[in-house]
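**Student:** Got a structure here, written out as structure tokens. Questions coming.
The values are calculated or read from the model by the stated rules, or taken from the named source; none is laboratory data. Given the structure is predicted, the values throughout are model-derived calculations rather than measurements. Cβ: placed from backbone, ideal geometry, glycine included. Neighbour counts: every protein chain shown.
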Amino acid sequence: MGDCLARLPHSCGSNQGLQVFAAEDGTTNGYCFACHTFVANPYGEVKYAKDLPPAKLGLTEEEIKAQFEEIEECGAMDLVDRRLRKDCLEHYGIKIGLSRKDGKTPEMHYYPYTKKGKVVRYKVRLIKGKRIWSIGKEKDVDLFGWEQAKASGAKRLIIVEGELDCPATKRIIDIHTKPDYEQYKPVVVSLINGSKSAGKDLARLASEILKFFSEEDITLCFDDDDAGELAVRDAAKVFPKAKSVTLPCKDANDCILQGKTRGAFNALMFKGEKPKNTNLVWLDDVWEDAKEQAEMGLSYPWDNVTKQTRGIRKGETIYIGAGPKMGKSEVVNALAAHLVGVHNWKILLAKPEEANKKTVKLLAGKIASARFHDPEVQFDEKAYDKAGKTLLGKKVAMLNLYQHLGWETLKQDIVAGAALGVDAVFVDPITNLTNGMDAATANVKLQEIAQELSALALDLNIAVFIFCHLRNPAAGPEHNRGGKVESGQFAGSRAMARSCNYMFGLEGNKDPDLSEDETNMRGLVLLEDREFGEVGRTDLFWNKRTTQFVQV
């Protein structure tokens, strides 16, 4: 499915009726809206979309409006070849374009897509040749049939793979639901771009979906093929409590055509199961692949930490704790800037105790070795813009929150971020997730969060960095006076030690009687290492002028 790349003359006499689109394989094809004819090679030969002039010639707002008006003049009709009834198509606003030659033969389907309650895009499916393109400029649209789902008041939501699966599934449910159970009928919506972007689209729309349907009442019903199975796995990462069903045939329409609607109905209504996110793997199948030298992960900003841990790897969680005002946030920003600037990773920063504008300035400061957040330091716009060349380009995502963070919403944001390509997530501090809880309840909640974060890191193939404030030592000096950091001082320490791959503590002494150089010294102590069993300390010096932590 693609947007209009160009408008060309056509042999029918139209000056600009032939519109050019990009096919899935990167080649171009076209459709003349003047004479309603598909054109395989609009340029007379095979031409790739990437070879067209950089300035794409899309439709103007007026042209889009005119095409919408033309589409909306069409109606629905029974699709005899698919045994789909007119009323099921009308329920979803599906229009059927008829042949200009005989006025009877269906030539194309129009599927309306909405955003904020308004139709902003039509997906067009040419029946002959199964060519697909779209009309309309909006990209981030709702699921197909979403407005009908919201208005239904239904408790259950079934998500299918394609637009025609919606009326087919609806028809199956309508046929076999007894009158006494009408109020329990689920509502059906479909993915936007089929199985290939299931995870990405559902992650983007998850918060909206969960306003109307609980996660336990969501059912996934995708095609019974490899692509559908992969889509179920991706969707289950977004909705872990959702169920999945397998129909007797490849999809709902096939069930209608093959007379297996009763089996399909029973599957949809009674046989949903939670998708398995793991599969048994025999050692024999992995033996040869494992016959290789182990590789180092990506570097930390400090060589000694890289050596201790063998680097940063996706699928792992790292827990870092420090006393109040000991430089924890500086470590966060140092790691984040390093991953973006050196390794070109995309990151998500969940920092509820810090305004986003300040986060931007601190992160830019790490890239530029400058202080952009200090009013006593002249703002260096040139250095700031230079840092932007490293940070800009959708590499850093932040939460639109301040002083409020809940685990359920954060979990959805992490899933959404991973679907958009995020490689690493920073949560600072995790204790913000348990604000207002008593100590016992908070500890239990942190255990739950630790386990889920560890699972998310593996399932989503991301690195997760967790930061927290430490409990005061039971005896001896406090942390800001040189007190030693121990694993038991971490919030939810036992659960974190089990669930996380690494635990680090940040030590230092801020005694005002010491020199500034001494108070700016820190020790990053590796306390727990589930991978290699290492322990040890890396001495760091915080340079006030450059804001950098430098290994001593």
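**Student:** Among the residues of segment 478-497, is there at least one that is within 38 Å of the chain's Cα centre (by Cα), among the hydroxyl-bearing types (S, T, Y) and at pLDDT 90 or above?
**Tutor:** Looking for residues that are within 38 Å of the chain's Cα centre (by Cα), among the hydroxyl-bearing types (S, T, Y) and at pLDDT 90 or above, one finds none in segment 478-497, hence no.
**Student:** Another question, then. In segment 482-525, what residues are in contact with a helix residue (DSSP H, G or I) (Cβ under 7 Å, 6 or more places away or on another chain) and in a helix (DSSP H, G or I)?
**Tutor:** S487, S493, A495, M496, A497, S499 - these are the residues of segment 482-525 that are in contact with a helix residue (DSSP H, G or I) (Cβ under 7 Å, 6 or more places away or on another chain) and in a helix (DSSP H, G or I).
**Student:** When the residues of segment 417-436 are filtered to those that are at pLDDT below 85 and farther than 21 Å from I320 by Cβ, which remaining residue is surrounded by the most Cβ atoms within 10 Å (Cβ to Cβ)?
**Tutor:** Looking at residues that are at pLDDT below 85 and farther than 21 Å from I320 by Cβ, I get A419.
**Student:** All but one of (1) part of a loop (DSSP other than H, G, I, E, B); (2) crowded, with 21+ Cβ neighbours inside 10 Å hold for M108, so report the exception by its number.
**Tutor:** Of everything listed in (1) part of a loop (DSSP other than H, G, I, E, B); (2) crowded, with 21+ Cβ neighbours inside 10 Å, M108 misses just condition (1).
**Student:** Condition test on E330, is it crowded, with 19+ Cβ neighbours inside 10 Å and over 19 Å from G508 (Cβ atoms)?
**Tutor:** no
**Student:** Shifting gears a bit: Looking at R131, R125, R85, R100, which is the one that is touching a residue at least 60 places away in the same chain (Cβ under 8 Å) and under 29 Å from A267 (Cβ atoms)?
**Tutor:** None of the other options fit; the residue is R85.
**Student:** Only residues that are under 21 Å from K544 (Cβ atoms) and among the acidic types (D, E): list them for segment 336-381, please.
**Tutor:** Passing the criteria: E354, D374, E376, D380.
**Student:** Before we move on, is K314 closer than 22 Å to R522 by Cβ, surrounded by fewer than 17 Cβ atoms within 10 Å (Cβ to Cβ), in the same structural domain as T538 (by TED's automatic domain parsing) and not aliphatic (A, V, I, L, M)?
**Tutor:** Against the criterion (closer than 22 Å to R522 by Cβ, surrounded by fewer than 17 Cβ atoms within 10 Å (Cβ to Cβ), in the same structural domain as T538 (by TED's automatic domain parsing) and not aliphatic (A, V, I, L, M)), K314 does not qualify.
Yes or no, residue by residue, for (1) touching a strand residue (DSSP E or B) at 6+ places or on another chain (Cβ under 7 Å); (2) among the hydrophobic types (A, V, I, L, M, F, W, C); (3) closer than 26 Å to G297 by Cβ; (4) at pLDDT 95 or above:
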| site | (1), (2), (3), (4) |
| --- | --- |
| A337 | no, yes, yes, yes |
| V342 | no, yes, yes, yes |
| L348 | yes, yes, yes, yes |
| K358 | no, no, no, no |
| G393 | no, no, yes, no |
| Y402 | no, no, no, no |
| W407 | no, yes, no, no |
| K411 | no, no, yes, no |
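**Student:** Select from segment 342-356 the residues that are under 21 Å from the mean Cα position of the chain (by Cα) and over 17 Å from A463 (Cβ atoms) and write down the one among them that is surrounded by the most Cβ atoms within 10 Å (Cβ to Cβ).
**Tutor:** P352
**Student:** Restricting attention to segment 308-331, report how many residues are in contact with a Phe, Trp or Tyr (Cβ under 9 Å, 6 or more places away or on another chain) and closer than 16 Å to R537 by Cβ.
**Tutor:** The qualifying residues number 7.
**Student:** Shifting gears a bit: Given the options G505, G533, name the one that is free of Cβ contacts under 8 Å to residues at least 60 places away in the same chain and within 34 Å of the chain's Cα centre (by Cα).
**Tutor:** G533
**Student:** So A227 fits all but one of (1) in contact with a Phe, Trp or Tyr (Cβ under 6 Å, 6 or more places away or on another chain); (2) free of Cβ contacts under 8 Å to residues at least 40 places away in the same chain; what number is the exception?
**Tutor:** Here A227 clears every test but (1).
**Student:** In segment 260-306, what residues are touching a strand residue (DSSP E or B) at 6+ places or on another chain (Cβ under 9 Å), under 28 Å from R498 (Cα atoms) and either of a type outside the set (D, E, K, R) or in a helix (DSSP H, G or I) (or both)?
**Tutor:** Selection gives P275, G297, L298, S299, Y300, P301, W302, D303, N304, V305, T306.
**Student:** Which of (1) within 25 Å of T409 (Cβ to Cβ); (2) at pLDDT 90 or above; (3) under 23 Å from the mean Cα position of the chain (by Cα) is the odd one out, the single condition A203 does not satisfy?
**Tutor:** So A203 meets the others, but not (2).
**Student:** Another question, if that's okay. Residues of segment 222-236 being buried (at least 20 other Cβ atoms within 10 Å of the Cβ) and among the small types (G, A, S), which ones?
**Tutor:** Selection gives G228, A231, A235, A236.
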